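Please read the structure below before turning to the comments.
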Amino acid sequence: MNSLPLVSITIWLPALGALTVLALPRENVAAQRGVSLGASLLALAAALGVAFLFDPARAGFQMVESVAWVPSWGISYTVSVDGISLWLVLLTALVTPVALVASWGTVERQERAFHALVLLLASGLFGVFTAQDMLLFYVFFEFTLIPTALLIGIWGGAERRYAAVKFFAYTFSGSVFLLLGMIGLYLLHGQATGVYTFDTATILASLQLGTLRLDAGAERLLFGLFFIGFAVKAPIWPFHTWMTTAHAEAPSSGVVDVIGLLIKIGAYGLIRYNVQFFPATAAWAAPAVGVLAVIGILYAAWIAYQQTDMKRLLAYASVSHLGLIVLGIFALNVQGIAGAVAHMVNSALTTGALFLVVGMLAARRGSRELKSFGGLWKTTPWLGSLTFLLVLGSIGLPGLNGFISEFVVLQGSWRSPGLGWRYALPAILGVVLAAVYLLHMYRTAFMGDTPPELAQAPDVRPRELALLIVLATPVVVFGLYPNLLFGPMQQSVTQIAQGTLPFLAGR
Amino acid sequence: MTEIVIPPVDWRVATQLSIIFGWASVLLVIALFVPRSRTRIVGYLAMVGAMVAAAVGIPLWGVNAETFSGMLRLDSYSLTLNWLFLAAAAITMVLSLDYLPRQGIERSEYYVLVLFATGGMMLLAQGADLIILFLGLELLSIVLYVLTGFAYPRNASEEAGMKYLLIGAFAGGFVVFGIALLYGATGSMNLRAIGETLAQQTLTLEERIYLLAGAALVVVGFGYKVAMAPFHMWAPDVYEGAPTPIAGLLSVGSKAAGFAALLRFLVEALAGEWQIWAPVLAVLAIATLAVGNIGALTQRNVKRMLAYSSIGHAGYILFGVIAAGAPGGIAGQRGVEGVLLYLIAYTFTNLGAFGVLIALEHRGEAAWDMSDLAGLWSRRPWLAVAMAVCMLSLAGVPPTGGFWGKFYVFTAAWLSGMGWITVIGVIVAAIAAFYYLRIVAQMFMAEPAREVPLPMDRALRAGLALATLGVLILGFLPTPAIDLVQRVVLGG
């Protein structure tokens, strides 16, 4: 059909850009910016090409590109997209250039290495969202750690070393369990069918056709191993502690948005592996995971409310959103999962844009403490209005993007036989809390009296405006026309949800 | 009087050995005529010898032969290991070219001794008879005692040489005693013959006890060589005191040779007793992992940390050894492959890491404290990147060679029915990542504590680049290496 391997091009363009940037002379900052932005925009174009060629009427994976990698182990380089990965690829492609542009002027030293690492991270993320071979997935999954740890550790805040090491130690520990689970599944599959392969489609087919039958113990063990890896990455309460330090210490400007995509990997993995491969155990574990998710929603919202540092506040808000996403996934029905994927996209857009706003505010005031701000709407009306739009989107005002995804997730969890209203009600409380802490933040920063230091604060500059508009446009578009978001993923989500149906029927 | 008939000798089997030993002897004489100021020439000549020996091995691939009454064997297993030893020796010599004059210990014997050590390693890989294994072990050890103490004006080096000698003598004693018992029990020194005797199950209970006791002693002896707990105590001190390139060679070459012999011994002679030795080795492997990694966790001295980490890695390699003996199925084959792939990846990685230490070290002063690495990224970016790649590979992070090594031995252990050690190994790997990462954090995220001048010459750069690129190539394109080890059939 299409002769160009567009998916692979999307994955590798940023990495190529990274190598090119590193080869440029150290002094020529303009060229470095140009090349890195160019590479990320080309990747965005390629991702849009993938979206254009994607056929939303078909379930399953499309545009499969496959090359043998380690044939004797049944490991291949296989990448492709389905309705779920498509959105995450597009999200990554959109956020990367924004993050790069946002870093201009805020990264003081070693800009070349900085751009290269952001691009490498983007390549890793694209790889994770498109890999259709377990081991390839793992390689990309792990690879994202290295640039992230370096980005936090070199350009981060005062506690950057601690945050970087903690981030790496936590997530690496989690993912070795993931590797163990993958090896286990690989060997069990090989012993049962004689075909030793890491190919996810093959293994999934064997599981669904019954050629690979796992007894309950083995399945729960494998589910658990995968779950640990993704729960740490996601991060689900109580595995979240790395994430708030990492987010708070991450360099200001847009990088935190790209790092924010890392946590989407965890949720993506839960859908792709835990729910799709082990539907019976997923149904069995759903109530327990649901409890963790609800605790996460409420606990993180409560902590977020008490933060005085805006960046920390948003970091905890991300944990809270993640809880809602996980709740949606383990509703195990079409609404829940589709809502979860939509919420991944939406919360990345709104929270990401708000992180940018915090970066802009910090640049104007030299502080991220809430109490040093106030009355900004008067001095910076444009920034105030855009921020207000983003806050409203984030707290789920109908007509903006947050509403529709939260609504669908809650609907899904309410109707799920495994979860029900006992889970949905506290989750709704969490949504209310989100409104409280975000509006609290907005009121403190933008309303009331303006402190003298901010009296001359400049309004958004053209570059800042462009960045915010890029992220805010989908906030409005998805809010007004949610089917744009849900349409392409419908078939893929339905397919996954149907797999779990037989195991939910008994409840 | 009957005529003495000399049995025909298949020289193919001994080609590489002859080249190494012959060239080393010739070089010893040549060195007499090389002026002191041009000692480097001997180094280059020794490297040429290693390269020639490696090249000569290429047409020998696929040969499976024995000679000297079955005492020496050449098969794909030993050939692969020989290449590995030659590569390790060559990289060690490249790293030494600059190091020796800088430390004021440049003498031409050094390179000759490295060649002899390589010959000893090859004997261990090719030995099909307990006597040859003992010869190889002793030859390798004696040369290494000298090399460890090579910086003898330095107390630490002298002390390390002495310590290594004493402990090594014990190890040799264990092996000899073990061989005697094995011979007493089975009436043979040949590994295969012992294996066949075992398979026929004609041994009396008493003989079997002797056999197992002898085997245990041999394992203890080789356990010293590979720094397996609880026979590891010498390693940190010896590594720290030895000249840094020699510490690198100890950690990769000598360890690989020890494993080569151990694996052949256990698989060819004692496969029938797997049920007995596998659990014992599994416990030792776990102990080795624990000792090595906990030890490494507490070190601030990077050289000692690498020594402890090298103990830890012996634990992972033991996973492969255990799997290699597993009866039936593919676990055995995967185990052999796993050991080899792990050794290949580990050789490049650790030589790279020691290479960075060599670059940091300058005349008379050790710069191995963690703080000496601080801010290396801003002083010497490429050095920092090389070290980071090696640390990530040691931690087993993809895409590096170390990841595939771990993946391989974990899979093999799981296949052999010992899933529980895999789980422990994975947990340990997660903990170990922490101290490797601490070094990366130190290099990239800390400010330099003091200005350490970093003179680097071309040879050192080349050696480092070779090792680091090796790690990355193994990581991104593991297929050639995996194909190579998958063609290896132990003794077949």
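The values are calculated or read from the model by the stated rules, or taken from the named source; none is laboratory data. It should be emphasised that the depicted structure is a prediction, and the values quoted were computed from it without experimental measurement. Positions of Cβ are backbone-derived with ideal geometry, glycine not excepted, and every protein chain shown enters the neighbour counts. Heavy atoms of the whole protein, side chains included, go into the accessibility calculation; ligands, DNA and RNA do not. Shrake-Rupley method; radii C 1.70, N 1.55, O 1.52, S 1.80 Å.
Side notes on the structure shown:
- Residue within the stretch A:325-337 that is open to solvent by 10 Å² or more (accessible area, probe 1.4 Å) and touching a strand residue (DSSP E or B) at 6+ places or on another chain (Cβ under 9 Å) present: no
- Lone unmet requirement of (1) open to solvent by 70 Å² or more (accessible area, probe 1.4 Å); (2) at pLDDT below 90 for B:F177: (2)
- Count - residues of the stretch B:234-280 that are crowded, with 22+ Cβ neighbours inside 10 Å and without any contact (Cβ under 8 Å) to a residue 24 or more places away in the chain: 0
- Output for the stretch A:50-75, where each listed residue is part of a helix (DSSP H, G or I) and polar (S, T, N, Q): A:S72
- Count of residues meeting criterion [of a type in the set (A, V, I, L, M, F, W, C) and under 17 Å from A:G336 (Cβ atoms)] in the stretch A:249-279: 5
- Qualifying residue in the stretch B:366-384 (condition: more than 13 Å from chain A (Cβ to nearest Cβ), modelled with pLDDT of 85 or more and out of contact with any strand residue (DSSP E or B) (no Cβ under 9 Å at 6 or more places or on another chain)): yes
- Residue within the stretch B:351-361 that is farther than 26 Å from B:G241 by Cβ and modelled with pLDDT of 90 or more present: no
- Applying the criterion of being open to solvent by 50 Å² or more (accessible area, probe 1.4 Å) and in a helix (DSSP H, G or I) to the residues of the stretch B:463-483, the residue that is nearest to the other protein chains (Cβ to nearest Cβ) is B:D483.
Conditions (1) among the aromatic types (F, W, Y); (2) crowded, with 22+ Cβ neighbours inside 10 Å, marked per residue:
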site	(1), (2)
A:L16	no, no
A:S36	no, yes
A:A45	no, no
A:F61	yes, no
A:S80	no, no
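- Residue satisfying all of: in the stretch A:238-278; outside any helix (DSSP H, G or I) and under 23 Å from B:V426 (Cα atoms); nearest to the chain's Cα centre (by Cα) among these: A:H240
- Candidates in the stretch B:326-375 are the residues that are among the charged types (D, E, K, R) and in contact (Cβ under 8 Å) with a residue 24 or more places away in the chain; of these, the one that is most open to solvent (accessible area, probe 1.4 Å) is B:R363.
- Subset tally (residues that are more than 10 Å from chain A (Cβ to nearest Cβ) and closer than 20 Å to B:R300 by Cα) for the stretch B:412-431: 0
- Filtering B:A326, B:A359, B:A388 for residues that are within 13 Å of chain A (Cβ to nearest Cβ), hydrophobic (A, V, I, L, M, F, W, C) and more than 21 Å from B:K255 (Cα to Cα) leaves a single hit, B:A388.
- Single unsatisfied condition, A:L270 versus (1) modelled with pLDDT of 90 or more; (2) among the aliphatic types (A, V, I, L, M); (3) open to solvent by 10 Å² or more (accessible area, probe 1.4 Å): (3)
- Residue match in the stretch B:91-105 (condition: in a helix (DSSP H, G or I), closer than 12 Å to B:L17 by Cβ, open to solvent by less than 20 Å² (accessible area, probe 1.4 Å) and out of contact with any Pro (no Cβ under 9 Å at 6 or more places or on another chain)): no
- Among the candidates B:G187, B:G161, B:G149, B:G172, residue that is on the phi > 0 side of the Ramachandran plot and over 17 Å from the mean Cα position of the chain (by Cα): B:G187
- Residues that are within 14 Å of chain B (Cβ to nearest Cβ), outside any helix (DSSP H, G or I) and open to solvent by less than 30 Å² (accessible area, probe 1.4 Å), drawn from the stretch A:171-218: A:T197, A:F198
- Residues satisfying the criterion are present in the stretch B:446-456 (criterion: surrounded by fewer than 24 Cβ atoms within 10 Å (Cβ to Cβ), farther than 21 Å from B:T288 by Cβ, more than 12 Å from every other protein chain (Cβ to nearest Cβ) and of a type in the set (V, I, T)).
- In the stretch A:115-137, the residues that are part of a helix (DSSP H, G or I), within 13 Å of chain B (Cβ to nearest Cβ), open to solvent by less than 10 Å² (accessible area, probe 1.4 Å) and in contact with a helix residue (DSSP H, G or I) (Cβ under 6 Å, 6 or more places away or on another chain): A:A116, A:S123, A:G124, A:G127, A:V128, A:M134
- Screening the stretch B:410-426 for residues that are of a type in the set (A, V, I, L, M) and surrounded by fewer than 24 Cβ atoms within 10 Å (Cβ to Cβ) and picking the one that is nearest to B:V291 (Cα to Cα) gives B:I424.
- Qualifying residue in the stretch A:63-78 (condition: modelled with pLDDT under 90, open to solvent by 10 Å² or more (accessible area, probe 1.4 Å), acidic (D, E) and in contact with a Ser or Thr (Cβ under 6 Å, 6 or more places away or on another chain)): yes
- Condition check for B:V440 on (1) surrounded by 24 or more Cβ atoms within 10 Å (Cβ to Cβ); (2) within 27 Å of B:A323 (Cβ to Cβ); (3) within 12 Å of chain A (Cβ to nearest Cβ): one failure, at (2).
- Scan the stretch B:116-127 for residues that are open to solvent by less than 10 Å² (accessible area, probe 1.4 Å) and in contact with a Gly (Cβ under 6 Å, 6 or more places away or on another chain) and the total you get is 4.
- Residue check for A:L150: among the hydrophobic types (A, V, I, L, M, F, W, C), within 11 Å of chain B (Cβ to nearest Cβ) and either assigned to a helix (DSSP H, G or I) or open to solvent by 10 Å² or more (accessible area, probe 1.4 Å) (or both): yes
- Top-ranked residue in the stretch B:396-411 [being within 7 Å of another protein chain (Cβ to nearest Cβ) and within 17 Å of A:G174 (Cβ to Cβ); ranked as modelled with the highest pLDDT]: B:F410
- In the stretch A:369-403, of all residues being in contact (Cβ under 8 Å) with a residue 60 or more places away in the chain and under 17 Å from A:Q307 (Cα atoms), the one that is surrounded by the most Cβ atoms within 10 Å (Cβ to Cβ) corresponds to A:F373.
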